[in-house]
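Structure first, commentary second.
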Amino acid sequence: MNRLTQPGFQTKDALFVPYMMSGDPTMDASTDIAVALQEAGADALEWGVPFSDPLADGPVIQEAGKRAQKTGGNLPQALAGMKEARKKGLHIPAVLFTYVNPVLTYGVEALIHDMKESGFDGILIPDLPYEESTDWREKFLENGLSLVPLIAPSSQNRTEKISKSADGFLYYVTSLGVTGERTSFSEKIADDIAAIQNFTEVPVLAGFGITTNEHVRHFQSIADGAIVGSAIVKEIGKEEEALLDSRTRADAVKRIKSFVEALISY
Amino acid sequence: MRPQIKFCGMRSKKDVVNACSAGADYLGFIFAPSKRRVRPEDVCEWTAELPQNNRALLTGVFVDEEETTIIQTAKTAGLDIIQCHGNETSVDVHAMKTALSGVQVFKTIHHESGALLRMKEFENAADGFLVDTKTEHSMGGTGTAFDWDAVPEYSEEAKRQGVPIFIAGGITAGNADELLKYHPWGLDISSGIETGDEKDYRKMVTIMKKTANVYAFPDELGRFGDFGGKYVPETLMYALTQLEEAYHTITAEESFKAELQQELKRYAGRPTEITYAGSLTEAYGGAQIYLKREDLLHTGAHKINNALAQGLLAKKMGKTEIIAETGAGQHGVATATMAARFGLSCKVFMGAEDMKRQELNVFRMRLLGAEVLEVQSGGKTLKDATNEAIRHWVANVDTTFYLIGSVVGPHPYPMIVRNFQRVIGDESIRQMEEICGKQPAEAVACVGGGSNAMGMFYPYINSGVRLTGIEAAGKGMDTPDHAATLSKGRKGVLHGALSYLIQDDHGNVFEPYSISAGLDYPGIGPEHAHLRDSGIVNYEAVTDDEAMDALEDLCRLEGILPAIETAHALAYVKRAAKSYSEDDALLVCLSGRGDKDVHTIQQVLGGADK
């Protein structure tokens with residue numbers, strides 16, 4: 001059991017899960033922002049790891065990774081940062097968002113051990129498709145951590161087997177392409193999500209390109225919840241200078257919190 | 001995976017035990033009129049003591065038998081597979097499958113005109129195939145082989161249907177090597193393992209040994225040993241599956257083969273010659289040096305082989321937009337050339353840094369009608385251009401064909417690019433035989449991503465020819481400025497494949513250094529990683545200085561200006577030639593010409609006369 005698999009998360013309607021890049025622009029600022037996102041109403045948190053080749057990410061998150069790398073961001077730092085965030089009062093489920101290569105370097109066994117110690121509940125690896133995931137999925141599962149799978153509009157006949165492997169939640173990629181803001185979405189998404197919900201008990205969350213309050217409400221109605229990344233990361237990016245200065249940081253964090261509150265208010 | 005082996009015509013408990021101890025994967029029992037006919041209850045007795053785990057699969061051979069008899073026999077003998085060897089129809093096969101749940105039904109196809117169509121008739125009905133020699137009076141079992149040139153077509157069709165396929169008829173320890181060159185999925189052997197009328201254990205072992213050495217990568221998961229695979233966002237998985245299926249179907253078609261053959265010959269200039277480098281041989285001493293002249297191809301390098309072939313594949317798949325990544329611009333130019341020739345739209349992703357360094361190639365691509373997209377992300381070089389091409393592909397996966405330029409990327413790309421470049425090695429084998437009457441002692445090629453090397457090496461694997469790939473050691477292996485991925489890298493995933501990578505302590509991949517723009521890739525094709533780790537190919541590294549030195553030698557002694565990439569292979573030849581005698585030949589893949597590098601060469605050598 002982890003925080004994701006508990007009823008509090010599994011049965012709640014209209015989930016909201018934000019993504020942020022750990023260490024953007026510093027780890028200290030990130031941990032404050034994490035707590036602020038929880039206060040704004042986040043039901044879980046995706047905690048990004050800076051990486052040199054984030055090929056599923058658009059320019060906004062690429063830039064965030066660069067900002068984090070400037071102040072020493074990497075996988076060990078992301079783990080240490082979560083430990084710090086927990087000390088600051090973060091209690092919602094946390095998902096480590098990383099590409100395959102940093103995990104290979106760290107070693108999957110060591111990572112599992114350290115993720116548990118840092119207070120993580122799951123992991124999401126965007127370049128690890130179902131076929132390559134079997135070994136790792138079992139290892140995470142044995143250790144009470146969820147490996148969150150992704151399904152895309154192009155998954156077609158792969159949907160069933162992926163859905164059935166889901167633990168924690170399932171990430172439905174709303175549109176082809178990389179992470180980043182979108183203005184429109186395909187009509188067939190609602191049908192796809194309904195089909196996935198037939199195969200799995202876990203919440204199906206929609207992400208990729210969800211930018212406005214209207215988007216959030218739309219996806220909370222057709223899916224079990226919405227994931228917002230780039231829109232929030234962009235706000236954090238705008239506050240880079242204020243977040244780097246200890247005198248202005250608290251106000252910057254407040255502005256980010258207000259932005260998120262407005263994003264998800266009904 | 002090595003080819004699967006079926007020993008057929010087992011007639012005693014001793015045959016069964018011998019076949020299993022030799023390591024057979026399948027055992028065949030004849031239940032049709034034949035000198036090898038057996039009774040189902042005997043089969044049950046002979047196989048009763050075989051271990052239940054991992055035991056060879058028991059196959060019963062029937063010719064136009066009654067369904068009820070087959071069912072009864074299968075039950076009594078405990079068969080795993082029914083092999084229909086007569087004139088059964090797809091309806092019969094289907095009915096048999098329904099009646100015998102848990103037992104697979106294979107269909108024998110006799111090699112004759114229309115045999116491929118007949119295989120297609122059994123799609124979704126047969127669980128597997130066996131192709132046997134057609135004879136006037138008998139349904140196979142005559143011990144004669146058919147023309148194995150047809151084997152790849154049968155294999156492709158079975159692969160397309162996703163089912164196993166055995167090649168049968170006249171296979172012996174003496175000719176198995178010949179058949180194995182066609183990479184069959186499985187071999188069915190009967191008279192070939194007999195002496196007189198008896199099965200012969202030694203012959204079984206000989207055949208098994210021959211197949212154990214067979215190189216058959218990638219496997220079904222797209223892996224070369226530990227390496228390769230498909231590490232891509234879920235959005236692309238469907239496109240990769242679709243590409244793999246299309247590759248197998250389309251490249252098996254006669255029209256595709258003929259058209260590609262025409263383009264390679266009449267447009268690109270294949271076959272390329274092999275030139276004897278007499279003065280270089282004299283200067284270096286030792287082995288006779290031969291050059292496989294890929295530099296003579298249209299656009300000046302081997303890249304065009306793959307660009308034309310993938311372009312034609314894209315066209316047949318109905319894709320209208322081609323995208324490609326490029327570092328130095330050679331693959332970009334080859335792709336833009338192909339797109340102009342085939343009337344396709346073409347976008348080339350190129351790092352902003354590389355665009356500055358390779359201004360002329362940028363202009364060349366635009367002249368050819370391609371759109372060159374400046375990549376500002378990351379370090380703004382080839383690695384980032386590849387990321388950006390993948391990002392574009394993810395967003396436009398329905399209409400776009402991503403034409404990867406080397407044996408890198410997710411499966412099936414490393415396999416596809418290798419197979420489209422193997423023409424280099426295939427021609428070399430033929431030409432060396434013509435010119436020297438023998439194969440070289442060693443074949444050498446430079447390795448960045450590794451496509452010219454894979455093209456040269458693949459047909460030579462396990463042939464006894466020593467194979468050597470040359471990486472760029474840049475300013476030296478003990479400096480941080482090198483691109484020697486295999487020598488200095490660590491296992492990791494980049495651009496969709498597991499291979500060796502030049503990376504930092506946290507798994508961030510960084511730009512390697514080489515004087516040659518075509519070798520400074522932080523990864524290497526996954527198949528090279530496997531070939532190195534399994535000891536099949538030998539890899540060495542050569543510095544900038546050694547490469548430039550060899551480049552000057554070839555210019556002055558042979559009147560050929562090679563690409564700086566290629567000069568790395570030549571620098572190794574300078575080192576290695578001496579260790580051979582004059583009776584040995586050394587073959588170098590002269591992968592590209594150096595006109596594109598004149599500017600760099602001038603800067604390094606200062607334009608001074610020597």
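About its Cα centre, what dipole magnitude does the range A:107-185 give when the only charges are +1 on Lys and Arg Cβ and -1 on Asp and Glu Cβ, stated in debye to the nearest 20?
380 debye
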- Task: May I ask you to order A:225-238, B:399-412 by the average number of other C-beta atoms within 10 Å around their residues, highest value first?
- Result: B:399-412, A:225-238
- Listed residues B:ASN213, B:HIS495, B:GLN310: farthest to the positive end of the dipole of the protein assembly as shown (Cβ charges): B:HIS495
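Hey, what number do you get for chain B at 222 nm if only DSSP H runs of n ≥ 4 count, each worth -39500 (n - 2.57), divided across all residues, to the nearest 500?
-11500 deg cm²/dmol
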- Item | Magnitude of the charge dipole, the range B:317-422, Cβ model with Lys/Arg +1 and Asp/Glu -1, debye to 20 | 320 debye
- Note on the structure: Here the gain from full extension of B:SER12 to B:ARG118, 0.36 nm per residue of separation minus their alpha-carbon distance, amounts to 34.7 nm
- How would you rank B:256-267, A:251-262, highest first, on the average number of other Cβ atoms within 10 Å across their residues? A:251-262, B:256-267
- For the range B:1-155, what Kirkwood radius comes out of the mean inverse Cα-Cα distance, in Å? 16.1 Å
- Note on the structure: Share of Cα-Cα pairs in the range B:416-530 beyond 22 Å, whole percent, is 38 percent
- Partner chain coverage, peptide B:191-200 - average Cβ within 10 angstrom: 0
- Fully extended contour minus Cα-Cα distance, from B:LYS265 to B:ARG575, at 0.36 nm per residue: 108.1 nm
- Sticking with the crude label model, points 7 Å out along Cα→Cβ, report the distance from B:ALA283 to B:THR479 in nm, one decimal please. 2.4 nm
- Treating the angle as unsigned and between 0 and 90°, give the value, to the nearest 10°, between the Cα long axis of helix B:544-558 and the longest Cα principal axis of chain B. 90 degrees
- Query: Given +1 on the Cβ of Lys and Arg, -1 on the Cβ of Asp and Glu, and no further charges, what dipole in debye does the protein assembly as shown carry about its Cα centre, rounded to the nearest 20?
  - Reply: 160 debye
- Dividing the surface of the Cα convex hull of the range A:91-141 by four yields a projected area in nm² of 3.5 nm²
- So what are the ³J(HN,Hα) numbers for the range B:513-521, from phi and the Karplus equation (6.51, -1.76, 1.60; θ = phi - 60°), rounded to whole Hz, Gly and Pro as x? 10, 7, 5, 8, 5, x, 10, 8, 9
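Against the 2.2 N^0.38 Å scaling, with N counting residues, where does the range B:505-569 land? I'd like the Cα-based Rg ratio to two decimal places.
1.36
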- Test item: A:122-131 mean partner chain Cβ contacts at 10 Å: 5
- Query: At what distance in angstrom do the alpha carbon centres of the range B:270-345 and the range B:500-565 lie from each other?
  - Reply: 18 Å
- For the residues B:HIS298, A:HIS91, B:HIS495, what sequence is obtained by ranking on other C-beta atoms within 10 Å, fewest first? A:HIS91, B:HIS298, B:HIS495
- Got a sec? How would B:CYS555, B:CYS20 order by Cβ neighbour count within 10 Å, fewest to most? B:CYS555, B:CYS20
- Which whole number in µm²/s is D for the range B:168-279 by Stokes-Einstein, with the Kirkwood Rh taken over Cα pairs at 37 °C and 0.692 mPa s? 177 µm²/s
- Shielding of B:222-233 by other chains, given as the mean Cβ count within 10 Å, works out to 4
- In the protein assembly as shown, with Lys and Arg counted as +1 and Asp and Glu as -1 at Cβ, which of these residues, B:ALA550, B:LEU561, A:LEU96, has the Cα nearest the positive end of the dipole, that is, farthest along it? A:LEU96
- Most to least packed among A:128-137, B:284-293 [average Cβ atoms within 10 Å]: B:284-293, A:128-137
- Compute the distribution of all C-alpha to C-alpha distances in the range A:47-191, in bins of 10 Å from 0, and list the percent of pairs in each, rounded to whole numbers. 10, 39, 37, 14, 1
- Note on the structure: The answer for A:PHE97, listing residues at least 5 apart or on another chain whose modeled amide H is closer than 5 Å to its amide H, is A:TRP47, A:GLY48, A:VAL49, A:LEU124
- Task: Put one equal scatterer on each alpha carbon of the range B:537-598, apply the Debye formula with no solvent term, and list log10 I(q)/I(0) at q = 0.15, 0.16, 0.22 1/Å to two decimals.
- Result: -0.44, -0.50, -0.90
- Query: Tell me, what HN-Hα J-couplings in whole Hz come from the Karplus equation 6.51 cos²θ - 1.76 cosθ + 1.60 at θ = phi - 60° for each residue of the range B:240-247, using x for Gly and Pro?
  - Reply: 5, 5, 4, 5, 5, 5, 4, 4
- What helices does chain A have that are whole DSSP H segments, at least 20 Å long along their own axis by Cα, and with mean Kyte-Doolittle hydropathy of 0.0 or more? A:249-264
- Quick one: if you take sqrt(5λ) for each eigenvalue of the C-alpha gyration tensor of the protein assembly as shown, what semi-axes come out, biggest first, whole angstrom? 49, 40, 23
- Task: Within 10 Å of each residue's Cβ, count the other Cβ atoms and sort B:GLU471, B:GLU220 from fewest upward.
- Result: B:GLU220, B:GLU471
- Item | Bins of 10 Å, starting at 0 and running to the largest distance - Cα pair percent for the range A:127-217 | 16, 48, 30, 7, 0
- How are the C-alpha pair distances of the range B:356-476 spread across 10 Å bins, as whole percents from the shortest bin up? 11, 30, 32, 19, 8, 0
- On Cα atoms only, tilt of B:13-22 relative to the major axis of chain B in degrees: 10 degrees
- chain B: angle of helix B:151-161 to the longest principal axis, Cα-based, in degrees nearest 10: 80 degrees
- Could you let me know the centre-to-centre spacing of the range B:35-101 and the range A:76-95, using Cα atoms, in angstrom? 61 Å
- Query: In a solvent-free Debye calculation with one equal scatterer on each Cα, what is log10 I(q)/I(0) for chain A at q = 0.11 Å⁻¹, listed in the order of the q values?
  - Reply: -0.53
- Query: What is the Å³ per residue value for the convex hull set by the Cα atoms of chain B?
  - Reply: 166 Å³
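Just round it to a whole percent: the fraction of Cα-Cα distances in the range A:1-116 exceeding 17 Å.
Counting every Cα pair in the range A:1-116, those more than 17 Å apart make up 54 percent.
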- Item | Difference of contour (0.36 nm per residue) and Cα-Cα distance, B:ASP505 to B:GLU254 | 85.3 nm
- Message: Using each residue's phi in the range B:250-267, evaluate 6.51 cos²θ - 1.76 cosθ + 1.60 at θ = phi - 60° and report the 3J(HN,Hα) Karplus result to the nearest Hz, with x for Gly and Pro.
- Response: 6, 6, 7, 6, 4, 5, 5, 4, 5, 5, 5, 4, 4, 4, 5, 7, 7, 9
- Along the charge dipole of the range B:1-110, Cβ charges K/R +1 and D/E -1, which of B:GLN72, B:ALA99, B:TYR26 sits furthest on the positive end? B:TYR26
- Over the range B:257-343 - Rg/Rh using Cα atoms and the Kirkwood inverse-distance radius: 1.12
- Message: 7 Å from Cα along Cα→Cβ at both B:ALA395 and A:ALA80: what's the point-to-point distance in nm?
- Response: 3.6 nm
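The numbers here are math on the coordinates, done by the rules we state, and not lab data. This is a predicted model, so every value here is computed, not measured. Counting neighbours? That spans all protein chains shown, and the Cβs are built from the backbone with ideal geometry, glycine included.
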